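To start, the structure itself, in structure tokens.
The values are calculated or read from the model by the stated rules, or taken from the named source; none is laboratory data. Predicted, not measured: the structure shown is a model, and the values here were computed from it. Counting neighbours? That spans all protein chains shown, and the Cβs are built from the backbone with ideal geometry, glycine included.
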Amino acid sequence: MITRKTTENIGLKDRKSLNLNRAVLKNMVVAIFAATIASTAAAEVVASKQAVNDNWVNGTSARAWTNGSDDLCWRNGFWTPATANSKCDGALVAQLPTPPIPAPVVPVPAPKIESKEFTYSADALFDFDKAVLKAEGKSELDELFAKLNSVNVERIVVAGHTDYIGTERYNQKLSEQRALAVSKYLESKGVAAERLSIEARGKKDSPSDKTIDCKSLHKYSLNKSSLSRKKLIECLTPDRKVVVEVIGTETVKTEQ
């Protein structure tokens, strides 16, 4: 027979069991919440201090929430690259603009060094058998110097040539004196002395002695005929010359 006391005892046990279950449940909730906080804390990055931050951050905005692999930050619905957290998404904030692609540099070819020869008749520069420049000769050399203004001069070689009349030694010396006279005049006009050199060719390059006309005149000139000698000198005119070789590059004019 169930008495009132028995009923009270049963109710007391049920209440104790219920309280125990509540305590266990509370402990479980606390444990789950602590585990969640702990796991979440591992998936945070320190958030930058920005006026606007459209990545999800914690309550104090000190940390940004990241995904499971911890390589991307969560974004809210207002996210744009401009409002991304600077510690997330590849640091999109304050990213420098893409610099313009520079135009390709076209290599400028190096100036080509060229050689140009200017040949002057010795008869136009000097009196026959002389090595002093005439006024007409200086005028021709003035024109040459004017042409040098358009050239970056590397070197100038002045070579003197004579005809075959006279001894080899005499002609060698005469050709040297004439080359030196031209070189000195160019130096006086402004050409640097270290860029000038001379060559004495003498009668080494005297092709006219091989022509039939000059050979026949030479035979007659041996008879001491002044007329024949004069004609021979005239026939050998091409052999008496001064050759000026200019080596350098053309000056490139820049537009103002």
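Structure notes:
- For the range 104-135, filtered to residues that are without any contact (Cβ under 8 Å) to a residue 60 or more places away in the chain and surrounded by fewer than 11 Cβ atoms within 10 Å (Cβ to Cβ), the residue that is nearest to Leu232 (Cα to Cα) is Ala135.
- Here Ala146 clears all of (1) without any contact (Cβ under 8 Å) to a residue 24 or more places away in the chain; (2) in a loop (DSSP other than H, G, I, E, B); (3) hydrophobic (A, V, I, L, M, F, W, C) except the condition numbered (2).
- The single condition among (1) at pLDDT below 90; (2) assigned by TED's automatic domain parsing to the domain that holds Pro207; (3) not in a helix (DSSP H, G or I) that Asp127 does not meet is (1).
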